[in-house]
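Below you'll find the structure, written out as structure tokens, and then a few comments.
The values are calculated or read from the model by the stated rules, or taken from the named source; none is laboratory data. As the structure is a prediction and not an experimental result, all values here were calculated from the model. In this analysis, Cβ positions are derived from the backbone assuming ideal geometry, glycine residues included, and neighbour counts consider all displayed protein chains. Ligands, DNA and RNA are stripped out before the accessible areas are found, and what is left, the full protein with its side chains, is counted by its heavy atoms. Shrake-Rupley method; radii C 1.70, N 1.55, O 1.52, S 1.80 Å.
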Amino acid sequence: MGRRKTFEIPGVAHAAPIPLAAQVGNIVASSALMGVDASTGKLPEDGVSQVKHLFANTAALLRAAGLSADDIVSVSVLLADNSLREEINRYWLEWFPDASDRPARHTTVHPLPGGMQAQIQFTAVAP
């Protein structure tokens, strides 16, 4: 058995042979997470729904790793359309209401494959 531990969540998976997240020591890093509806395994067509499922999937993955949003150190967001930034920020402020206690974040607007409108990738530190 290697020193790396990996994490998955039901209903959400990459087409490529990569885990949703991996941990070595106390560092947990996610792969690019997508806004797939975990109950159907399908990607909604609209960006707002994708963002909703993106945050739900991120929360589920954190739980699977024994973490919470409080353990996140850094977040990268990819958006296909900058108009979704407001929706990302809505969830961001729900998750991190204290302006002096938020993870670092970088947002990039860039075309995404397969109808994806948003992706998140995070790095967290396990307690």
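Here are some notes:
- So Ala16, is it closer than 19 Å to Gly115 by Cβ and either part of a loop (DSSP other than H, G, I, E, B) or open to solvent by 70 Å² or more (accessible area, probe 1.4 Å) (or both): yes
- Scan of the range 58-70 for residues that are open to solvent by 30 Å² or more (accessible area, probe 1.4 Å) and touching a helix residue (DSSP H, G or I) at 6+ places or on another chain (Cβ under 7 Å), ordered by number: Ser68
- Of all residues in the range 19-33, those satisfying the criterion of being open to solvent by less than 50 Å² (accessible area, probe 1.4 Å), touching a residue at least 60 places away in the same chain (Cβ under 8 Å) and out of contact with any helix residue (DSSP H, G or I) (no Cβ under 7 Å at 6 or more places or on another chain) are Gln23, Val28, Ala29, Ser31, Ala32.
- Failed item, numbered, when Lys42 is tested on (1) open to solvent by less than 50 Å² (accessible area, probe 1.4 Å); (2) farther than 17 Å from Thr123 by Cβ: (1)
- Check on Val48, of a type in the set (Val, Ile, Thr) and surrounded by 17 or more Cβ atoms within 10 Å (Cβ to Cβ): no
- Restricted to strands (runs of 3 or more DSSP E) entirely inside the range 36-127, those with at least 1 residues that are touching a residue at least 60 places away in the same chain (Cβ under 8 Å) are 118-125.
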